[in-house]
């Protein structure tokens, strides 16, 4: 058997460089260069793979995935493409027989329905009064349950704290909803979660993704999920870097032995649920400015302690008021314990102002952003326009132009686990001035993701000494329109030198994982 593999053809080694061949042995890239140099690497046992019309590029990355939840979505009911409430409810009813212990449905988005009405407790009770049913809105910040689920998973809720919306409609936003979701997740077996994670990894490979940052645990999903992902990650077919979504520094540092903490540690909620914390009210709800889940003192106490321990911190902040609170906490924590290369992260950063973007550049904050949000909800006629008016959202180009490192992600299962779709979305942002070039999007979904997780020494570019994570597309992405890129066919996905996915019918003679 050949001990090395040599790819020959069109190879994009980074956003600003190319090569004619790439040689890797085992999991490591050992040579890369022009056609004039290739002959010196052909001796010995080398498998030569002619790419033909296919194009190799650095292994695609996703900087923000909830892998356990994505897996459970794969294993349960996905409502993301339901065109209206009747279809969503019919789908839940049809599939409820397949889930006799609990019915979980993910991804409904009433803002895209012709009549944007929420499902209700009464409608879910009509489907079943015996089986708990929980529907998670696409942003996972609003939940609708039937009476059985409210009784089974809502025992912790003080009756005097329940609103009419909770009792009469079964709709839960914010903290009560997160607790309902966490309780429901805890009723699912570890075996089912593991099976779901493996299915989700296969879907990632199908779209050329070789590495992800898995943001697990916390008030949304439960502490056990972070530990489960750490246990699973060495044996998964993609590279998984775990971010435990907890505030317990001892657990992360001493028990898990990780140098990072956080992820979707919620400073605020979401635009879709109108719980993202804004400085000015929602355009369609003028008495509401959203929710901050931490007091200033609480957030500073956590960030100061984590920063003192030299942990990388990641916090979820969507609205400009939440972003301001996060930046204030980070700035204070760095004043108390200065660090030069902290790479503190803000997840989402959807409504960052000019001043806040400049401050991120000054402090060295990394922004983990999700361009597909704009594809789904951006523009005057979609949800952002209705909720926010003309406020600018997901300012990708502005952040990059200011010198901020932006790492691309999906927030899967909120949007598809698909970095090609993310790249296409960044290139077709509804605001023309915020659109990125192909080279910029490639950097955002490769190098910048590696940098965001302190992995630039081994991932993000195709260079000698780096890990052989390679995405091969069937044709040249540089010649594609954004729509073509969003549907681009993946020829092969190579992780650590092993071909973990090869397109059926592919003529590439790669070793398979």
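Is it true that some residue in the range 358-365 is assigned by TED's automatic domain parsing to the domain that holds residue 421, under 21 Å from residue 259 (Cβ atoms) and surrounded by fewer than 21 Cβ atoms within 10 Å (Cβ to Cβ)? Yes, the conditions are met somewhere in the range 358-365.
Residue 466 meets the conditions (1) surrounded by fewer than 20 Cβ atoms within 10 Å (Cβ to Cβ); (2) touching a residue at least 12 places away in the same chain (Cβ under 8 Å); (3) more than 18 Å from residue 48 (Cα to Cα) in every case but one. The failed one is (1). The condition of being part of a strand (DSSP E or B) and modelled with pLDDT of 95 or more holds for only one of 358, 397, 368, that being 368.
Applying the set (1) part of a strand (DSSP E or B); (2) surrounded by fewer than 24 Cβ atoms within 10 Å (Cβ to Cβ); (3) touching a helix residue (DSSP H, G or I) at 6+ places or on another chain (Cβ under 6 Å) to residue 456 leaves exactly one unmet item: (1). Here residue 402 meets each of (1) modelled with pLDDT of 95 or more; (2) surrounded by 24 or more Cβ atoms within 10 Å (Cβ to Cβ); (3) in contact with a helix residue (DSSP H, G or I) (Cβ under 9 Å, 6 or more places away or on another chain) with one exception, condition (2). Exactly one residue out of 410, 506 is farther than 28 Å from residue 72 by Cα, touching a strand residue (DSSP E or B) at 6+ places or on another chain (Cβ under 6 Å) and not in a strand (DSSP E or B): that is 506. Report, by residue number, each residue of the range 417-435 that is surrounded by 19 or more Cβ atoms within 10 Å (Cβ to Cβ), more than 19 Å from the chain's Cα centre (by Cα) and assigned to a helix (DSSP H, G or I). Answer for the range 417-435, where residues must be surrounded by 19 or more Cβ atoms within 10 Å (Cβ to Cβ), more than 19 Å from the chain's Cα centre (by Cα) and assigned to a helix (DSSP H, G or I): just 434. Considering only strands (runs of 3 or more DSSP E) fully contained in the range 8-82, which possess at least 3 residues that are surrounded by fewer than 24 Cβ atoms within 10 Å (Cβ to Cβ)? Output list reads 17-25, 28-33, 46-58. From the list 450, 439, the one residue that fits, being modelled with pLDDT of 95 or more, in the same structural domain as residue 368 (by TED's automatic domain parsing) and assigned to a helix (DSSP H, G or I), is 439. From the list 33, 52, 44, the one residue that fits, being over 25 Å from residue 474 (Cβ atoms) and not assigned by TED's automatic domain parsing to the domain that holds residue 316, is 44.
Within the range 4-56, the residues that satisfy the criterion of being closer than 19 Å to residue 447 by Cα and out of contact with any strand residue (DSSP E or B) (no Cβ under 8 Å at 6 or more places or on another chain) are 15, 16, 17.
The values are calculated or read from the model by the stated rules, or taken from the named source; none is laboratory data. Because the structure is a prediction, the values reported are computed rather than measured. Reconstructed Cβ throughout: ideal geometry from the backbone, glycine too, with neighbour counts over all protein chains shown.
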